[in-house]
1. By how many nm would the segment from V348 to D311 lengthen if fully extended, with 0.36 nm per residue of separation less the alpha-carbon distance?
2. Putting +1 on Lys and Arg Cβ atoms and -1 on Asp and Glu Cβ atoms, find which of Q189, G472, L137 reaches farthest to the positive end of the dipole of the chain.
3. Considering only the other residues whose Cβ falls under 13 Å of the Cβ of F508, what net charge follows from Lys and Arg at +1 and Asp and Glu at -1?
4. Using every alpha carbon pair in the chain, what percent of pairs falls into each 10 Å bin from 0 up to the bin containing the largest distance?
5. Between the DSSP loop rule and a limit of at most 14 other Cβ atoms within 10 Å, which trypsin sites (Lys or Arg not before Pro) in segment 268-328 are left?
6. Projecting each Cα onto the charge dipole of the chain (Lys/Arg +1, Asp/Glu -1 at the beta carbon, about the Cα centre), which of L210, S110, L539 comes out farthest on the positive side?
7. Could you size up the charge dipole of the chain around its Cα centre, putting +1 on the beta carbon of Lys and Arg and -1 on that of Asp and Glu, and report it in debye to the nearest 20?
8. With +1 assigned to the C-beta of every Lys and Arg and -1 to the C-beta of every Asp and Glu, and no other charges, what is the dipole magnitude of segment 284-387 about the Cα centre in debye, to the nearest 20?
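The values are calculated or read from the model by the stated rules, or taken from the named source; none is laboratory data. In this text, all values refer to a predicted model and were calculated from it rather than measured experimentally. No Cβ is skipped: glycine too gets one built from the backbone with ideal geometry, and neighbour counts run over all protein chains shown. We work out accessible area using only protein heavy atoms, side chains counted, and drop any ligands, DNA or RNA first. Shrake-Rupley method; radii C 1.70, N 1.55, O 1.52, S 1.80 Å.
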Amino acid sequence: MTEHQDFDILVVGAGFSGLYHLHKLRKAGFSVKVFEAGGGLGGVWYWNCYPGLRVDSDFSIYQFSLEEIWRDWNWSEKYPSRQELVEYFNYVDKKLDLSRDISLNTRVTSASFDTVTNRWSVFTDTGTTANPNFLILCTGFASKPLLPDIPGLATFQGAVHHTSLWPQAGLEISGKRIGVIGTGASGVQVIQEAGPIAAHLTVFQRTPNLAVPMMNQRPLSAATQTKMKEEMYPIIFKRRKQTFGGFQFDRIPRGVFELSPEERYLFFDDLWFKGGLRFVHGTCKDILTDEKANAEVYAFWRKRVLGRIRDPEMQRKLAPEKQLHPFGAKRISLETSYYEVFNQHNIVLVDLNENPIIEVTPKGMKTQDGVVHELDVLALATGFDALTGGISRIDIKGTDGVSIGDMWKRGLSTYLGLTVTGYPNMFIPFGPQGPAAFCNGPTCAVSSRLLNTHKFSHGLAITLTPVQEVQGDWIVACLIYLRQHKHIRIEATQEASAAWVQRITDIFSKSLIGRAKSFYTGANVPGKRIEPLNFTGGLPLYNTLIQESARGEYAGFKLTSDTSTKGKPM
């Protein structure tokens, strides 16, 4: 049955970002609806349900910073599991009464902008349509699975699933012959979960994951968290908006070789045993800009990992003497027992650079050496068409009638990593050319500080977040500003977008990140244009830049009212 809906704002996606926007915009007096393709809340935490899935950030920062949420919620583990995240989102839903404005199992398939009414026409796979004034795409940076193009894949007689499309009801893997293609973050978690219980495990690896230990994974008591809530929680939530990656820790303002060899060793050792992403985001300032400094970090990492792997051939494949790419230029994953799994007698590690997959047979994977690796279950941990894929999979047409996916094939372009020229009244939080892949998700996508009053040069007072606020509050403040000033349309100028792209490129060119083939540049997707997909200058600089536009009455945007068009210079 076709249903048509009109309201102020449509949010696409019900993960951290989408739910935050729904809550804050409703409180600001807007009529808001959320369309979610999945059957539950949580975004990535709904879709991904593969064995071993858990958060790779400390519980204290991987949550909403809204006091009405955290005050009565306690986590059970330092690094929560997927199941606990599902329970958390259900708790948030009930606490904030979100579901009444959310349509589940409703995938947005297309959208087009009407230049006469200045509204979006949005279509879904259920037949429901909507005509909102504003469209906020909270589709996440890793929502379009990347499926491998392997001959014969459809002939496999066992169970085969991409990790992000794992059966919601689960899949029995104990005692099975399991194959895992890919050793990114999902692959690492599946491998260390499946290894101890599989009859046999075959891992197909293209590039070794430079994983670091999660460490200190332990149960959490309610008493510990109650004490933290008295003082530490508010401090942590403020601190995470002050650091490069949105964590409660930050890189130190010293280079690797500014430390003596003894100080450097002890510093690295301390980071290693504190665990988590500190070894990447809490280390020296130059590990992603200085090749020799980066090599020093890799050497320390390799020595620690080699001590956990017994077989020399496994050591060669998992921690090669020759550094294949800069440490941190690919996403660093957390692990608890990943390297110990490769000491088991029931595991085979296939290096796809030396022995590529030729085809999939009904019984398993056939490699170049002629061996058929017989399997019962095949897990495709092959990653995502990240950052742009979740948006471009929707047929979104702007003012010129061109699909955003086709437009981006000519070169990615946004303004502030929040808007796209030619697509008015549309926002893309936690998407391309923002800090998404280099920032703790909830920090980047949401924030809970109250909107403050700020006076512009003409003397009018409007609501605006302080400089430390991030994308979620920026969008809310922008929409409130437009309403207060009776603007019905906002669109980034070509000049502002071009300058933003140049800034992204300039910052990226100073780092070592581009020396790896990764989703950070789209190099993991066959045929995709290789270019910087993220703002890599750190969260504080990003905050400063987006707030400069807001303080300049949204400099870089053209604002349209019912009676006049107002252009703001960059």
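1. Full extension from V348 to D311 adds 12.1 nm.
2. About the Cα centre, the residue reaching furthest to the positive side is G472.
3. +1
4. 3, 17, 28, 27, 17, 7, 1, 0
5. R310, K322
6. The residue sitting most towards the positive pole is L539.
7. Using only the charged Cβ atoms, the result is roughly 780 debye.
8. Its charge dipole is roughly 340 debye.
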